[in-house]
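Engineer: My structure is below; once you've seen it, I'll send some questions.
The values are calculated or read from the model by the stated rules, or taken from the named source; none is laboratory data. Note that the structure is a prediction, hence the values are computed from the model and not measured. Glycine gets a Cβ as well: all are built from the backbone with ideal geometry, and neighbour counts include every protein chain shown.
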Amino acid sequence: MSAKAQDHHKRLTAFMTEFVFPAEASYEEYRRAAGPDDHTVPPVIEELKILAKERGLWNLFLPSVSGLTNLEYAPLAELTGWSMEIAPEVTNCAAPDTGNMETLHLFATEEQSKQWLEPLLDGQIRSAFAMTEPAVASSDARNIQTTMLRDGDDYVINGRKWWISGAADPRCKILIVMGRTNPDAASHQQQSMILVPVDTPGVSIERSLPVFGWQDQHGHCEISFDNVRVPASNLLDEEGSGFAIAQARLGPGRIHHCMRAIGVAERAMALMIDRVTKRIAFGKPLAEQGVVQQQIAQSRNEIDQSRLLCHKAAWTIDQHGNQSREARQLVSMIKAVAPQMACNVIDRAIQVHGAAGVSDDTVLARLYGWHRAMRLFDGPDEVHMRTIARGELGKEKSAFAAAVTG
Ligand SMILES: Cc1cc2nc3c(=O)[nH]c(=O)nc-3n(C[C@H](O)[C@H](O)[C@H](O)COP(=O)(O)OP(=O)(O)OC[C@H]3O[C@@H](n4cnc5c(N)ncnc54)[C@H](O)[C@@H]3O)c2cc1C
């Protein structure tokens, strides 16, 4: 780590131990008392945001604002993964806002930035990104059916989206919506992105979908758009650039999830170690069983392999940009590896906890559910594997490969 990253790491570690971990109980208590379908914000979140900001632990994800490279940010995001529901948000480094801020940073006009990017960077509002639709296979963004048609000085939007993370949060004020502006254009140029304030007439948040039965605070919403009219000046970049914007947005967002997943896996590992040293079965601590030691060793191997791959991907983004062929390949690699690794480690931690592991008395079941879902969102595993395979198949033969294959 650079001296700058080390300094941030030290301060973030202190912030997490002094304020974030102790806040977990009150966060949980608030949400339990509010009920499973409540999406109001536990007060401790806004309290901690003030403290993080005062300490300069704010907007660390955005290189042009924080001055940190992606490689410097990776171990910091990992730390926040240890308290996944609180730490990313209170440092203003939570999805989907981070991806949305990146998008606005890259594509918004001065006016759009003033209205939406500035309050997001300041943590005053939250946002959501609306691409996926229930009616079509949305892992291929070219399938999107929502229409976004020009009518005078406006665009009129009609369609249905789902799994729109963050839209149930009362602080969510703006949606970045992907729709079709020109069905006759080439398949990558039919889509555009537009800014839609949540309170625009015709926008209806129908429900929030649970992940394995669990409703998180921000929600994952099904939203209908019924003749939603917004000014043409809300368009991001130009008509037909929606697919390209989605690609630019998803690169950093994907790797940030992976950085945090490594921290989550470390937490599961810590719980696993604690449990196996304290729990006695068949006359000795679980830790003395060879099979349990195998599980611990396998977990350590997988976590450290993932971290190295993640750092390599972050470094590659720093060197070549997130749109470079090298970076896209590595981001797909880590996105296919890290969520599966986290699932493996959490699953082993669940197993050594016995029945307690699948209850809500530990965080493990919820963490498992989230990382299982991560194998779908921001690109299902298979789509990333396809990218990786195509990269390999398209590579020019090395001299050695030519020598051994003819
Ligand atoms: C918790 C959560 C949060 C989400 N948040 C958001 C959000 O904020 N905004 C948003 O727009 N979307 C969000 N999503 C939606 C998510 O991005 C999509 O579910 C994802 O892109 C897959 O689209 P789909 O569900 O339509 O699956 P489909 O496209 O129908 O794919 C189904 C399955 O087909 C297989 N498959 C697809 N393509 C291939 C291929 N080329 N080769 C082999 N197999 C393949 C894969 O196994 C895939 O899982 C979220 C999803 C979840 C679960």
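Engineer: If you go through segment 324-339 one residue at a time, do you hit one that is touching a residue at least 60 places away in the same chain (Cβ under 8 Å), surrounded by fewer than 21 Cβ atoms within 10 Å (Cβ to Cβ), of a type in the set (D, E, K, R) and more than 16 Å from the ligand (Cβ to nearest atom)?
Structural biologist: The answer is yes; a qualifying residue exists.
Engineer: Of everything in segment 195-238, what is more than 16 Å from the ligand (Cβ to nearest atom) and within 16 Å of GLN112 (Cβ to Cβ)? Give them in sequence order.
Structural biologist: Residues satisfying the conditions are PRO197, THR200, VAL230, PRO231, ALA232, SER233, ASN234, LEU235, ASP237, GLU238.
Engineer: Let me ask something else about it. Which of (1) closer than 19 Å to PRO201 by Cα; (2) exposed (fewer than 15 other Cβ atoms within 10 Å of the Cβ); (3) in contact with a Phe, Trp or Tyr (Cβ under 8 Å, 6 or more places away or on another chain) is the odd one out, the single condition ASP151 does not satisfy?
Structural biologist: Unmet for ASP151, out of (1) closer than 19 Å to PRO201 by Cα; (2) exposed (fewer than 15 other Cβ atoms within 10 Å of the Cβ); (3) in contact with a Phe, Trp or Tyr (Cβ under 8 Å, 6 or more places away or on another chain): (3).
For (1) under 23 Å from TRP163 (Cα atoms); (2) under 16 Å from the mean Cα position of the chain (by Cα); (3) within 16 Å of the ligand (Cβ to nearest atom), each residue gets a yes or a no:
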{"site": "THR362", "(1), (2), (3)": "no, no, no"}
{"site": "TRP370", "(1), (2), (3)": "yes, yes, yes"}
{"site": "GLU392", "(1), (2), (3)": "no, no, yes"}
{"site": "GLU396", "(1), (2), (3)": "no, no, no"}
{"site": "ALA401", "(1), (2), (3)": "no, no, no"}
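Engineer: Residues of segment 248-287 being of a type in the set (Asp, Glu) and under 13 Å from ALA342 (Cβ atoms), which ones?
Structural biologist: Selection gives GLU266 alone.
Engineer: Looking at segment 296-316, is at least one residue part of a loop (DSSP other than H, G, I, E, B) and out of contact with any Asp or Glu (no Cβ under 9 Å at 6 or more places or on another chain)?
Structural biologist: No: segment 296-316 contains no residue that is part of a loop (DSSP other than H, G, I, E, B) and out of contact with any Asp or Glu (no Cβ under 9 Å at 6 or more places or on another chain).
Engineer: Please work out which residue is farthest from the chain's Cα centre (by Cα), limiting yourself to segment 138-157 and to residues that are more than 9 Å from the ligand (Cβ to nearest atom) and part of a loop (DSSP other than H, G, I, E, B).
Structural biologist: Of everything passing the filter in segment 138-157, GLY152 is farthest from the chain's Cα centre (by Cα).
Engineer: Taking segment 237-252 as the search range and keeping residues that are surrounded by 22 or more Cβ atoms within 10 Å (Cβ to Cβ) and of a type outside the set (D, E, K, R), which one is farthest from ARG142 (Cα to Cα)?
Structural biologist: Among them, the one singled out is PRO252.
Engineer: Does ALA186 satisfy the condition of being loosely packed, with under 14 Cβ neighbours inside 10 Å, over 23 Å from the mean Cα position of the chain (by Cα), within 11 Å of the ligand (Cβ to nearest atom) and not aromatic (Phe, Trp, Tyr)?
Structural biologist: So ALA186 does not fit the description; no.
Engineer: Which pairs have Cβ atoms under 9 Å, sit 6 or more apart or on different chains, and link a residue in segment 125-140 that is more than 26 Å from CYS93 (Cβ to Cβ) to one that is near the ligand (Cβ under 7 Å from one of its atoms) and of a type in the set (D, E, K, R)?
Structural biologist: Close Cβ pairs (under 9 Å, with a partner that is near the ligand (Cβ under 7 Å from one of its atoms) and of a type in the set (D, E, K, R)) amount to GLU133/LYS161; PRO134/LYS161.
Engineer: Please pick out the residue among LYS173, LYS161 that is within 12 Å of the ligand (Cβ to nearest atom) and within 22 Å of the chain's Cα centre (by Cα).
Structural biologist: LYS161
Engineer: So, in segment 92-125, of the ones that are closer than 23 Å to PHE243 by Cα and touching a Gly at 6+ places or on another chain (Cβ under 8 Å), which residue ends up surrounded by the most Cβ atoms within 10 Å (Cβ to Cβ)?
Structural biologist: It comes out as ASP97.
Engineer: For segment 256-275, does any single residue satisfy the condition of being at pLDDT below 95 and not in a strand (DSSP E or B)?
Structural biologist: Checked segment 256-275: no residue is at pLDDT below 95 and not in a strand (DSSP E or B).
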